[in-house]
Amino acid sequence: MRFPSNIIILILAIAGLHLQAQQKIHPDTIRGKMQWFADAKLGIFIHTGIYAVNGVSESWSFHNRRISHADYMKQTAGFTLRNYDPAAWAALIRESGARYAVITTKHHDGVAMYDTRMNALSIVKATPAGRDMIKPFFAELRKQGIKCGAYYSLIDWSHHDYPGFLKDSARYSVEKDSLRWERFRVFFRGQIDEIAGELKPDLWWFDGDWEHSARRWGADDVRKSILQTNPAAIINGRLQGFGDYDTPEQNFPVSRPPYHWWELCMTINDSWGYQPKDTHWKTPYEVITIFADVVSNGGNLLLDIGPREDGSIPEEQRSVLKALGNWNNKHAEAIFNTIPGLPPGHFYGPSTLSKDSTILYLFLAGNPREAVVIKGLFSEIENISLLGQNSPLAWKIVGKISWSPVPGLVYIEAPSAGHDQYMSVLRVKLKKPLRLYRGAGGLAL
Ligand code: GLC
């Protein structure tokens, strides 16, 4: 049977729309290049900028008129990097277990943290620090085998040719002065070329795309030129549809996101940059359980820290990274290089799977002292242990009916000792790759 071509086009269009609705990633994204990212699970986000001097919110403080732009810019005089030790930063990131780091090369305030030649607004030219902080940091990360990510804000509220400025006052309208916008385009494209050429990020973390359309930013050309310099570069989803993965921010997905690659970016307190007034720290327990939940659902966690103007990292942030690192060390097998675990309904908590689906890792929410249960498991179990301990744990099949193919419930004996301080993990070795029963019970399968 032959379909008329217009019907075929219609079918393709509907399928395309469906794909777009499900995946916010660019259709050209090459799976292979995403593999390290999918395996990495944890990244550390660093918001460094002059805003740390007074401890005000990054860029938004002047945009939202909490402080005048002139006063905000006076912070340049206090940005020293006096105690900046990029090797120690890289070591701390490594200790956390993270496989990549993303650092602000320029936030919406327009202050470049590297040596830009496109204007004079950089920590090299406009602050006592007088040096590029990104290049040496990337060099140290690379020594430690950690991938390098460059955060770059497309928005530049300090730039004379950028239309936006304060929340209620714009500089000009692009419709009325497209030449001025073109000048800005040359500027930001120049910065992107510098970063691509000199810093060679493995990952680009764009921000601020919401202020203009893909067409106006020239997003498809930005993508093309980045991939021309480095075809393996990964681009986050904040490029008006021209990125490779999605970036939910501070919001915790409840159901498993349908798109393929995603990364939750999250602060350790409630602020991206250093704000000493903000003491609403997340505890190691909170960060670890959120992390397990993210990985269980197929995402990465990009956990943010905000260093001081002198380059030191506050103790509260260091200690969370270290606690997370200890936990990661102990549970690495259940986190890194895994794939998402059981769909909701089979187990009350996060879970992951080895890539061949023969080992199931159950993250024990609340560290229960009573048996935990798996529902709908067809696969036969070979053995179970508490990850990090060798002693086997017993299990019992409950409620299996001989004449029904529906599997019984697996009750796994809770470990009597050796619980992790934050979250223990059960390692369930299966005889064959995981098979699940997804029905509603009853007689039929
Ligand atoms: C937001 C904010 C910005 C922050 C970023 C991190 O888009 O504009 O201040 O850097 O989120 O995800």
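In the range 336-361, of all residues being of a type in the set (Gly, Ala, Ser) and in a loop (DSSP other than H, G, I, E, B), the one that is modelled with the lowest pLDDT corresponds to GLY345. Summed over the range 283-315, the residues that are away from the ligand (no atom under 16 Å from the Cβ) and more than 23 Å from ASP85 (Cα to Cα) give a count of 14.
Of the listed requirements (1) away from the ligand (no atom under 16 Å from the Cβ); (2) surrounded by fewer than 14 Cβ atoms within 10 Å (Cβ to Cβ), THR116 misses just one: (2). Is it the case, given these coordinates, that TRP36 is within 16 Å of the ligand (Cβ to nearest atom) and surrounded by fewer than 24 Cβ atoms within 10 Å (Cβ to Cβ)? Spelling it out, it is not the case that TRP36 is within 16 Å of the ligand (Cβ to nearest atom) and surrounded by fewer than 24 Cβ atoms within 10 Å (Cβ to Cβ).
For beta carbons closer than 8 Å, sequence separation of 6+ or different chains, a first residue in the range 297-310 that is under 30 Å from PRO257 (Cα atoms) and a second that is of a type in the set (D, E, K, R) and outside any strand (DSSP E or B), the qualifying pairs are ASN297/ARG256; GLY298/ARG256; ASN300/LYS41; LEU301/LYS41. Taking the range 219-242 as the range and being more than 13 Å from the ligand (Cβ to nearest atom) and of a type in the set (Gly, Ala, Ser) as the test, the residues that pass are ALA219, SER225, ALA232, ALA233, GLY241.
Give the residue, chosen from LEU303, LEU321, that is under 27 Å from LYS106 (Cβ atoms) and over 12 Å from the mean Cα position of the chain (by Cα). Let's see the steps before the verdict.
On the way: LEU303 fails: over 12 Å from the mean Cα position of the chain (by Cα).
Of LEU303, LEU321, the one residue that is under 27 Å from LYS106 (Cβ atoms) and over 12 Å from the mean Cα position of the chain (by Cα) is LEU321.
Somewhere in the range 362-371, is a residue crowded, with 16+ Cβ neighbours inside 10 Å, within 22 Å of the chain's Cα centre (by Cα) and not in a loop (DSSP other than H, G, I, E, B)? Yes: one or more hits. Pairs linking a residue in the range 202-224 that is under 10 Å from LEU154 (Cα atoms) and among the charged types (D, E, K, R) to a residue that is away from the ligand (no atom under 16 Å from the Cβ) and assigned to a helix (DSSP H, G or I), with Cβ atoms under 8 Å and 6 or more positions apart or on different chains, are ASP209/ALA219. How do the pairs read when you match residues in the range 101-122 that are within 13 Å of GLY190 (Cα to Cα) with residues anywhere that are part of a loop (DSSP other than H, G, I, E, B) and away from the ligand (no atom under 13 Å from the Cβ), using Cβ under 6 Å and keeping only pairs 6 or more apart or on different chains? If the second residue must be part of a loop (DSSP other than H, G, I, E, B) and away from the ligand (no atom under 13 Å from the Cβ), the pairs left are ASP115/ASP132.
In the condition set (1) farther than 20 Å from ASP71 by Cα; (2) among the basic types (Lys, Arg); (3) in contact with a strand residue (DSSP E or B) (Cβ under 9 Å, 6 or more places away or on another chain), ARG94 is compliant with all but (3). Checked against the criterion of being within 16 Å of the ligand (Cβ to nearest atom), assigned by TED's automatic domain parsing to the domain that holds SER68 and not hydroxyl-bearing (Ser, Thr, Tyr), the candidates ASP156, ASP177 yield just one match: ASP156. The residues listed here are LYS167, LYS143; of these, the one that is away from the ligand (no atom under 16 Å from the Cβ), closer than 28 Å to ILE305 by Cβ, touching a residue at least 24 places away in the same chain (Cβ under 8 Å) and among the charged types (D, E, K, R) is LYS143. Inspection of the range 247-266 finds a residue satisfying the criterion of being in contact with a Pro (Cβ under 6 Å, 6 or more places away or on another chain), surrounded by 23 or more Cβ atoms within 10 Å (Cβ to Cβ) and assigned to a strand (DSSP E or B). Hey, could you check the range 287-297 for residues that are surrounded by fewer than 21 Cβ atoms within 10 Å (Cβ to Cβ) and not hydroxyl-bearing (Ser, Thr, Tyr) and say which is farthest from THR48 (Cα to Cα)? The extreme case among them is ASP293. With respect to (1) surrounded by fewer than 20 Cβ atoms within 10 Å (Cβ to Cβ); (2) within 11 Å of the ligand (Cβ to nearest atom); (3) on the phi > 0 side of the Ramachandran plot, the lone exception for GLY55 is condition (2). The single residue among ARG131, ARG189, ARG180 that is surrounded by fewer than 18 Cβ atoms within 10 Å (Cβ to Cβ), in contact (Cβ under 8 Å) with a residue 12 or more places away in the chain and part of a loop (DSSP other than H, G, I, E, B) turns out to be ARG131.
The values are calculated or read from the model by the stated rules, or taken from the named source; none is laboratory data. Model, not experiment: these values are computed from the prediction. Reconstructed Cβ throughout: ideal geometry from the backbone, glycine too, with neighbour counts over all protein chains shown.
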